[in-house]
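The values are calculated or read from the model by the stated rules, or taken from the named source; none is laboratory data. Predicted model, so just to flag it, every value in this text is computed and none were measured. Note: ideal-geometry Cβ built from the backbone for every residue, glycine included; neighbour counts use all protein chains shown.
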Amino acid sequence: MTASTSDRHFDDCPDRRGTGSEKWDRWAGRDILPLWVADMDFRAPEVVLDAIRARVDHGVFGYTADPPGFAPALAEHLQARHGYAPDPEWVVGTPGVVTGLALTARLLAEPDDEILTFTPVYPPFLTLPGRAGRRGARVPLVQSSPAGAQRDLRWGIDWDALEAAVTPRSRLFWLCHPHNPTGTVFARAELMRLADFAERHGLTVISDEIWCDLVLDEAAGHVPFASLDHPAARRAITLMAPSKTWNLAGLGCAAALVPDAGLRQRFRPAGGGLVPMVNPLGYAAAEAAWRHGDPWRQAVIELLRHHRDLVVEAVAQIPGLSCAVPQATYLVWIDCRESGVADPQAACEAAGLGPSDGRDFGLPGFIRLNTACGTPLLAEALRRLGRAFGHG
């Protein structure tokens with residue numbers, strides 16, 4: 001693939017060292033390329049920066065509630081992108097999807113109740129239940145290849161394991177959809193079967209759909225769980241944010257779609273003074289992204305598809321490594337268990353590469369690679385990946 005206009009644009013990444021960047025400061029002073037935490041190295045879209053500048057020019061940053069354009073912007077975006085038209089009245093601002101998950105644990109489960117989730121998974125899904133005084137129950141996903149080819153590998157649901165995991169104390173199912181770290185986009189049939197499971201066992205589904213606008217596989221369109229024609233979908237809570245798609249994580253703005261009016265009234269106060277308000281710049285950025293950010297989103301998806309393919313091709317050349325081709329996200333979940341390397345994370349760091357450690361996601365022997373960086377940096381990272389496993 002030759003460099004396109006979007007490739008050249010996204011290769012012009014600001015230097016993030018010394019800016020308080022969690023991603024770049026983790027190995028400060030060491031020659032380790034940080035391809036771990038899930039934010040991008042790209043500048044946010046100009047339409048978003050213009051909205052932030054306009055809000056700054058207002059000059060007043062007092063205590064802030066959801067501004068009038070916030071909920072309609074999200075609802076209209078979901079209708080345009082995913083054919084789902086939630087009532088804007090359902091939308092509640094929250095400073096992050098993780099905050100939203102924590103609030104659902106406190107509002108919808110009692111101490112020692114169980115929260116089910118698939119593994120491997122984004123680490124807060126594993127740590128938050130215990131911090132809220134609830135129990136986490138892990139249901140491993142499984143790899144399969146219906147066509148028998150490496151390119152067809154996909155992480156999917158083990159329905160027998162799911163049935164075996166549920167108990168009378170199970171109250172919630174935390175769904176990461178599209179899935180982090182595997183990149184799976186759950187199909188409508190899978191979601192309907194999951195809805196049947198939730199209805200049969202009286203579970204409330206909390207669907208984290210933060211990655212829904214970064215679907216790379218055109219044949220695997222995102223289906224919002226709450227859009228299903230099913231009783232379990234009608235009582236589900238959906239968590240969304242513009243942060244992954246438009247690189248706005250540091251602005252701390254997300255939304256919970258809560259159909260139940262009584263629960264919605266309790267949602268923000270449930271933080272008990274521990275959860276801050278969303279800041280006004282976060283609101284301005286989110287609304288601008290949802291209303292005007294689609295051209296930038298389409299351009300970055302073109303680049304991320306190219307980056308995904310570069311990583312998949314590189315992994316295929318390294319003995320002992322394998323990966324399913326992610327349908328969504330800018331993450332690649334790499335299986336290192338056949339490499340003969342006892343500690344893949346340590347081997348990568350010794351070679352100058354900083355991925356995420358699979359142990360944090362509940363599955364040792366894997367690493368997660370973030371491809372949302374300049375193409376030259378990714379190429380060097382892949383060279384170091386080969387070096388970490390004795391190839392090249």
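Quick check on the range 19-46: of everything there that is closer than 26 Å to Asp294 by Cα and not in a loop (DSSP other than H, G, I, E, B), which residue is farthest from the chain's Cα centre (by Cα)?
If we take residues in the range 19-46 being closer than 26 Å to Asp294 by Cα and not in a loop (DSSP other than H, G, I, E, B), then Glu46 is farthest from the chain's Cα centre (by Cα).
Out of Arg16, Arg106, report the one residue that is charged (D, E, K, R), in a helix (DSSP H, G or I) and either touching a His at 6+ places or on another chain (Cβ under 9 Å) or surrounded by 15 or more Cβ atoms within 10 Å (Cβ to Cβ) (or both).
Answer to the check: Arg106.
Test Val205 against the criterion of being assigned to a loop (DSSP other than H, G, I, E, B), within 30 Å of Ala288 (Cα to Cα), in the same structural domain as Ala109 (by TED's automatic domain parsing) and at pLDDT 95 or above, and give yes or no. Walk me through it before giving the result.
On the way: assigned to a loop (DSSP other than H, G, I, E, B): no; within 30 Å of Ala288 (Cα to Cα): yes; in the same structural domain as Ala109 (by TED's automatic domain parsing): yes; at pLDDT 95 or above: yes.
No; evaluated as a whole, the condition is false for this residue.
Between Ala233, Ala187, Ala220, which is out of contact with any Asp or Glu (no Cβ under 9 Å at 6 or more places or on another chain) and crowded, with 19+ Cβ neighbours inside 10 Å?
Details: Ala187 fails: crowded, with 19+ Cβ neighbours inside 10 Å; Ala220 fails: crowded, with 19+ Cβ neighbours inside 10 Å.
Residue meeting the stated conditions: Ala233.
Kindly provide the set of residues from the range 236-251 that are crowded, with 24+ Cβ neighbours inside 10 Å and part of a loop (DSSP other than H, G, I, E, B), ordered by number.
Ala236, Ala241, Pro242, Leu248
When the residues of the range 344-369 are filtered to those that are part of a loop (DSSP other than H, G, I, E, B) and within 25 Å of the chain's Cα centre (by Cα), which remaining residue is nearest to Gly29 (Cα to Cα)?
Within the range 344-369, the match that is nearest to Gly29 (Cα to Cα) is Pro355.
Filtering the range 61-99 down to residues that are in a loop (DSSP other than H, G, I, E, B) and aromatic (Phe, Trp, Tyr), which residue is surrounded by the most Cβ atoms within 10 Å (Cβ to Cβ)?
Filtering the range 61-99 down to residues in a loop (DSSP other than H, G, I, E, B) leaves 61-69, 83-87, 95-96.
Add one more test, that the residue is aromatic (Phe, Trp, Tyr), and what stays is 61, 63, 84.
Values: Phe61: 11, Tyr63: 6, Tyr84: 21.
The extreme case among them is Tyr84.
Looking at (1) part of a loop (DSSP other than H, G, I, E, B); (2) within 17 Å of Leu251 (Cα to Cα); (3) free of Cβ contacts under 8 Å to residues at least 12 places away in the same chain, can you tell me which one Leu49 breaks?
The one condition Leu49 does not meet is (1).
Can you find, within the range 252-262, the residue that is farthest from Leu172 (Cα to Cα) among those that are crowded, with 24+ Cβ neighbours inside 10 Å and in contact with a Gly (Cβ under 7 Å, 6 or more places away or on another chain)?
Cys253
Criterion first (modelled with pLDDT of 95 or more and under 22 Å from the mean Cα position of the chain (by Cα)) does Gly320 satisfy it? Show your work before the answer.
Working: modelled with pLDDT of 95 or more: yes; under 22 Å from the mean Cα position of the chain (by Cα): no.
It is false that Gly320 is modelled with pLDDT of 95 or more and under 22 Å from the mean Cα position of the chain (by Cα).
Here are some conditions: (1) assigned by TED's automatic domain parsing to the domain that holds Ala226; (2) more than 21 Å from the chain's Cα centre (by Cα). Val258 meets all but one. Which one does it not meet?
Single failed check for Val258: (2).
Does His179 fit the bill of being under 30 Å from Ser21 (Cα atoms), part of a loop (DSSP other than H, G, I, E, B) and modelled with pLDDT of 95 or more? Walk me through it before giving the result.
Numbers: under 30 Å from Ser21 (Cα atoms): yes; part of a loop (DSSP other than H, G, I, E, B): yes; modelled with pLDDT of 95 or more: yes.
Answer is yes for this residue.
Being among the charged types (D, E, K, R) and either over 15 Å from Ser207 (Cα atoms) or touching a Leu at 6+ places or on another chain (Cβ under 8 Å) (or both) is the filter here; which residues of the range 151-192 pass it?
Arg151, Asp152, Arg154, Asp158, Asp160, Glu163, Arg169, Arg171, Arg188
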